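Novice: Sending over a structure as structure tokens; questions will come in a sec.
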């Protein structure tokens with residue numbers, strides 16, 4: 001066991017070394033005790049808090065909706081929503097040039113009207129032909145009846161033999 005005087009001298013030397021180290025540190029930083037206190041503490045003030053965060057990654061949608069054109073052939077785009085715009089259901093995304101389709105629609109409407117007109121005309125012609133055939137049948141039946149009556153008259157002797 002070490003003696004009490006050796007122990008006291010060791011503690012004294014340690015305190016002296018600590019004091020010397022703090023003095024050297026103060027000389028190097030050049031700060032006084034008042035300046036050191038200012039560096040440790042600062043006043044809290046209200047002000048703007050700006051946080052910039054740069055991060056790389058991939059954004060994936062919560063729901064993905066695939067929209068396909070049902071237009072046959074080529075289509076010219078007149079309007080397209082810019083990429084990255086926020087859209088909701090019912091918003092116009094794309095506007096196509098419809099002039100060719102409108103022309104085709106008009107042509108198809110004309111074709112339908114012509115077909116309907118031809119149908120009505122054919123129906124009327126059918127009725128005329130039916131009436132004519134009926135009249136021809138009635139005429140033929142009447143001629144047949146007269147011919148039978150003439151035959152009967154001839155056979156019964158109304159006409160000279």
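Novice: Looking at residue 36 and the list (1) modelled with pLDDT under 85; (2) loosely packed, with under 10 Cβ neighbours inside 10 Å, which single condition is not satisfied?
Specialist: (2)
Novice: Using the structure shown, decide if residue 80 is at pLDDT 85 or above and either surrounded by 10 or more Cβ atoms within 10 Å (Cβ to Cβ) or in contact with a helix residue (DSSP H, G or I) (Cβ under 9 Å, 6 or more places away or on another chain) (or both). Don't jump to the end; show me each part of the working.
Specialist: Working: at pLDDT 85 or above: yes; either surrounded by 10 or more Cβ atoms within 10 Å (Cβ to Cβ) or in contact with a helix residue (DSSP H, G or I) (Cβ under 9 Å, 6 or more places away or on another chain) (or both): yes.
Taking the combined requirement at face value, the residue satisfies it.
Novice: Being assigned to a loop (DSSP other than H, G, I, E, B), on the phi < 0 side of the Ramachandran plot and free of Cβ contacts under 8 Å to residues at least 60 places away in the same chain: is that true of residue 66 here?
Specialist: Yes.
Novice: Ok, one more. Of the conditions (1) part of a loop (DSSP other than H, G, I, E, B); (2) modelled with pLDDT of 90 or more; (3) out of contact with any strand residue (DSSP E or B) (no Cβ under 8 Å at 6 or more places or on another chain), residue 59 clears all except one; give me its number.
Specialist: Unmet for residue 59, out of (1) part of a loop (DSSP other than H, G, I, E, B); (2) modelled with pLDDT of 90 or more; (3) out of contact with any strand residue (DSSP E or B) (no Cβ under 8 Å at 6 or more places or on another chain): (2).
The values are calculated or read from the model by the stated rules, or taken from the named source; none is laboratory data. As the structure is a computational prediction, the values presented were derived from the model and not from experiment. Reconstructed Cβ throughout: ideal geometry from the backbone, glycine too, with neighbour counts over all protein chains shown.
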